[in-house]
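Input: a single structure, listed below in C-alpha cells.
The values are calculated or read from the model by the stated rules, or taken from the named source; none is laboratory data. Because the structure is a prediction, the values reported are computed rather than measured. Every residue, glycine among them, receives a Cβ derived from its backbone with ideal geometry; neighbour counts consider all protein chains shown. The area values use the complete protein model at the heavy-atom level, side chains included, leaving out ligands, DNA and RNA. Shrake-Rupley method; radii C 1.70, N 1.55, O 1.52, S 1.80 Å.
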Amino acid sequence: MEVFLQQLINGLTLGSIYGLIAIGYTMVFGIIGMVNFSHGDVFMLSAFIALIFFMLIASFFGAAMIVLALIFVLVLAMFFTALWGWTIERLAYRPLRGSFRLAPLISAIGMSIFLMNFVQLVQGPRNKSTPPMLNKSITLIESATYSVQISYKQIVIIVTTAVLLAAFWYLVQKTPLGRAQRACEQDRKMAALLGVDVDRTISITFIMGAALAAVAGVMYLVLYGVVSFHDGFVPGVKAFTAAVLGGIGSLPGAVLGGLLIGLIEVMWSGYFSIDYKDVAAFCILAIVLVFMPSGILGRPEVEKV
C-alpha cells in the first residue's frame with residue numbers, strides 16, 4: 001500500500017505537467033480544428049527560457065534567492081513564451097488558415113523541427129541542468145520498510161495545475177473572451193458576422209496555450225532539474241495523447257487525460273517493466289477510443305447538413 005500511495009503521488013505530479021501541455025492542444029484544436037504539433041517544442045523552448053532567467057538570477061543573487069526567484073522566472077517565461085506563441089500563429093498558421101487541411105499540419109510539423117533545431121543551435125546539444133530546488137519533503141506515512149513522502153516541488157506542481165485549471169475554466173465559461181472563443185469553436189463565420197474579432201480571438205488562444213506550456217516548462221525544470229533540446233517531442237506526444245484520451249476540446253478532459261497518462265506511466269514503471277510504460281499508455285488510449293471515440297469527457301461532433 002505504501003508503494004502504491006507513493007506511485008500515486010508521483011503519477012499525479014507527472015500527469016499535472018502533461019495536463020498543462022494538453023490544455024494548449026485542446027484549446028487550439030477546439031477553435032480552429034488543427035493539431036498544433038509544434039506545441040511540444042514550445043514547451044521545451046519555455047523550459048530553456050526559464051533556465052536562462054533562473055541561472056541569471058541565481059548568479060546575481062546567489063542560492064538564497066532561488067525559491068523567491070521561481071515566481072519571477074515563471075512570469076518571465078510565460079511572457080516570452082506567449083510572445084513566441086503569438087509569432088508562430090501569425091507567421092506559420094494564419095496565412096494557411098483558409099487553405100486545404102494538410103497545409104497547417106505540414107506547417108506545424110515544420111515549425112516543430114525549426115524550434116528544435118533552433119534551440120540545439122543556440123544552446124548546444126548537451127543537457128542543461130539547474131541547482132536542486134525545493135528538495136525538502138513531507139513524510140506522510142512511516143513504516144519499518146518504506147515511507148511515503150511528498151516533496152515541496154510536487155505540492156507546487158499539483159497545486160499550480162489545480163489553480164490554473166480553475167482559472168481557465170472560469171475564463172472560458174464566464175468572461176467575454178471565453179464566449180468569443182466558444183463562438184469561434186462553434187462557427188467562426190457566424191461569430192465574425194456577429195462582431196467577434198476571429199483573428200484576435202485565435203491569436204489570444206495561441207498566447208494562452210503558450211503561456212500554459214511555459215508553466216509546464218518551469219514545473220518540468222523544477223521537477224527534473226535538467227532539460228535538453230529534444231525534450232519537447234515525447235512530452236508533446238504524450239500531452240496530445242492525454243488531450244485525445246480526455247476528449248479533445250474539453251479543458252477538464254485535457255487535465256483528466258494528463259493525470260491518467262501520468263498515472264499509467266508511473267504505475268506501469270513501478271510494477272512492471274519500465275521499457276513498456278509508453279506502450280501501456282497508448283494501449284489504454286486505443287482501448288478507450290474503441291468504446292468512447294470522443295474521449296472520456298469529449299462531446300460527439302454533430303454533422304450539419
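Residues of the range 230-248 being more than 22 Å from residue 214 (Cβ to Cβ) and either part of a helix (DSSP H, G or I) or open to solvent by 20 Å² or more (accessible area, probe 1.4 Å) (or both), which ones? Listed by number, the residues that qualify are 244, 245.
For the range 151-168, the set of residues classified as outside any helix (DSSP H, G or I) and open to solvent by 30 Å² or more (accessible area, probe 1.4 Å) is empty.
Pull up the range 91-146, narrow it to residues that are assigned to a loop (DSSP other than H, G, I, E, B) and under 30 Å from residue 32 (Cβ atoms), then point me to the one that is most open to solvent (accessible area, probe 1.4 Å).
Result: 101.
Right, residue 3: assigned to a helix (DSSP H, G or I) and under 23 Å from residue 169 (Cβ atoms) or not? It is false that residue 3 is assigned to a helix (DSSP H, G or I) and under 23 Å from residue 169 (Cβ atoms).
Kindly evaluate residue 133 against the criterion of being touching a residue at least 60 places away in the same chain (Cβ under 8 Å) and touching a Lys or Arg at 6+ places or on another chain (Cβ under 9 Å). Answer is yes for this residue.
Determine whether residue 31 is part of a helix (DSSP H, G or I), touching a Cys at 6+ places or on another chain (Cβ under 9 Å) and open to solvent by 10 Å² or more (accessible area, probe 1.4 Å). Answer is yes for this residue. Tallying residues that are within 12 Å of the chain's Cα centre (by Cα) and either at pLDDT below 85 or of a type in the set (Ser, Thr, Tyr) (or both) within the range 4-23 yields 2. Going through the range 280-294 one residue at a time, which ones are aliphatic (A, V, I, L, M) and in a loop (DSSP other than H, G, I, E, B)? The answer is 292, and nothing else.
Check 137, 107, 112 and return the single one that is among the hydroxyl-bearing types (Ser, Thr, Tyr) and in contact with a strand residue (DSSP E or B) (Cβ under 7 Å, 6 or more places away or on another chain). The unique qualifying residue is 137. Within the range 260-276, is there a residue that is buried (at least 24 other Cβ atoms within 10 Å of the Cβ), modelled with pLDDT of 85 or more and touching a Leu at 6+ places or on another chain (Cβ under 7 Å)? Yes, the conditions are met somewhere in the range 260-276. Would you be able to say whether some residue in the range 21-33 is of a type outside the set (Ser, Thr, Tyr) and out of contact with any helix residue (DSSP H, G or I) (no Cβ under 7 Å at 6 or more places or on another chain)? There is at least one residue in the range 21-33 that is of a type outside the set (Ser, Thr, Tyr) and out of contact with any helix residue (DSSP H, G or I) (no Cβ under 7 Å at 6 or more places or on another chain).
Look at residue 22 and say whether it is crowded, with 24+ Cβ neighbours inside 10 Å and in contact with a strand residue (DSSP E or B) (Cβ under 8 Å, 6 or more places away or on another chain).
no
Out of 177, 171, one residue alone is closer than 25 Å to residue 98 by Cβ and open to solvent by 20 Å² or more (accessible area, probe 1.4 Å). It is 177.
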